[in-house]
Amino acid sequence: MSQLRDFFNSIGALFTNLFVHPDWHNVVDVAILAVLIYHIIKLVIHTRSNSLFKGIAVVLVMAGLSSLLRFNAVSWLLNQLISMGLVVLVILFQPEFRRGLDQLGRSKFMRRVFGTGAGKTEEEQLERPVQEIVKAMNDMSRKRIGALIVVERQTGLEDVIVSGTRVDAEISAALIENIFEPNTPLHDGAMIIRDRRINAAACILPLSEDPGISKDLGTRHRAGIGITETTDAVTLIVSEETGIISMAREGRLTRHLDTRSLTILLTELFTPERNMYSWLGTRRKEEREDEE
């Protein structure tokens, strides 16, 4: 417990020096620390590791209480666990660490420093993957080729990705259609798109157990809906029987998407700062107009 106590004492001394003996070094130091903590919380809070993060907080609180109340046995056990804290954190949050480093490498600042994507505006980099996915979806719809594409958002899907085959390739219509071509090794399962790249294929998704789902919908649609019930991912589905293009989000299915709807949806998905609900509002307005 001494390590934990020393850590909090160091933090307390830092803030004491900041307010009692203000110095620009301390101000910059605390500012950098605050930014790091903010980004770590932002990286973890919307992923499935959120529960692990809360569990670690509970362990720390219990450790403090056991030491205060002199529960020696419990305090010793928690002290042993905390002493391995760094190794445990690296193991538990390995997907989040990798994702954070990957996002750092793909940031605008790093692209400017290393010249990645030079000569292309943000709009041009966004337009190509959207067009490629829309083309692939329309082609597969016309040919009645079943497809299941999951677009990862804030919630990490690493546990789903490891169930399939890593691809890590740029988005292209030819590659998407080739993956879902019947009787090919990767056609059965879901494709995962992360950070505008095809991250994995042939991934296994949890099936929805919602009894309200139409019996006309098969396993592909149930899997597409199922992953959106537990995460904030958005799923695109092409029916093998009818060729209808559908979208699943938050456990709800929207069917009969056309080229315009797909383009708007994908643009919203690949531009996080935009409001996703604006697409839903546009879609519902179109449906009302069609009914009239």
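The values are calculated or read from the model by the stated rules, or taken from the named source; none is laboratory data. As the structure is a prediction and not an experimental result, all values here were calculated from the model. No Cβ is skipped: glycine too gets one built from the backbone with ideal geometry, and neighbour counts run over all protein chains shown.
Of everything listed in (1) outside any helix (DSSP H, G or I); (2) without any contact (Cβ under 8 Å) to a residue 60 or more places away in the chain; (3) hydroxyl-bearing (Ser, Thr, Tyr), the single unmet condition for Thr155 is (2).
If I filter region 117-137 down to residues being modelled with pLDDT under 55 and surrounded by 13 or more Cβ atoms within 10 Å (Cβ to Cβ), which single residue comes out as nearest to the chain's Cα centre (by Cα)? Here the residue is Gly117.
Could you list, in sequence order, the residues of region 38-69 that are part of a loop (DSSP other than H, G, I, E, B) and modelled with pLDDT of 80 or more?
Matches in region 38-69: Leu69 only.
In region 208-226, the residue that is modelled with the highest pLDDT out of those that are among the β-branched types (Val, Ile, Thr) and over 16 Å from Leu157 (Cα atoms) is Thr219.
For the condition without any contact (Cβ under 8 Å) to a residue 24 or more places away in the chain, surrounded by 14 or more Cβ atoms within 10 Å (Cβ to Cβ) and over 19 Å from His256 (Cβ atoms), Gly226 qualifies.
Scanning region 236-268 for residues that are of a type in the set (Gly, Ala, Ser) and in contact (Cβ under 8 Å) with a residue 60 or more places away in the chain returns Ser239, Gly243.
Scanning region 243-272 for residues that are under 21 Å from Gln131 (Cβ atoms) and among the charged types (D, E, K, R) turns up Asp258, Arg260, Glu268.
If I ask for residues that are within 19 Å of Asp159 (Cα to Cα) and not hydrophobic (A, V, I, L, M, F, W, C), which ones from region 227-248 would you list?
Once the filter is applied, which keeps residues that are within 19 Å of Asp159 (Cα to Cα) and not hydrophobic (A, V, I, L, M, F, W, C), region 227-248 yields Thr228, Glu229, Thr230, Thr231, Asp232, Thr235.
Residues that are outside any loop (DSSP other than H, G, I, E, B) and not polar (S, T, N, Q) were ranked within region 138-147; the one that is surrounded by the fewest Cβ atoms within 10 Å (Cβ to Cβ) is Arg142.
Within region 188-223, if we keep just the residues that are part of a loop (DSSP other than H, G, I, E, B) and in contact (Cβ under 8 Å) with a residue 40 or more places away in the chain, the residue that is nearest to Val238 (Cα to Cα) turns out to be Gly189.
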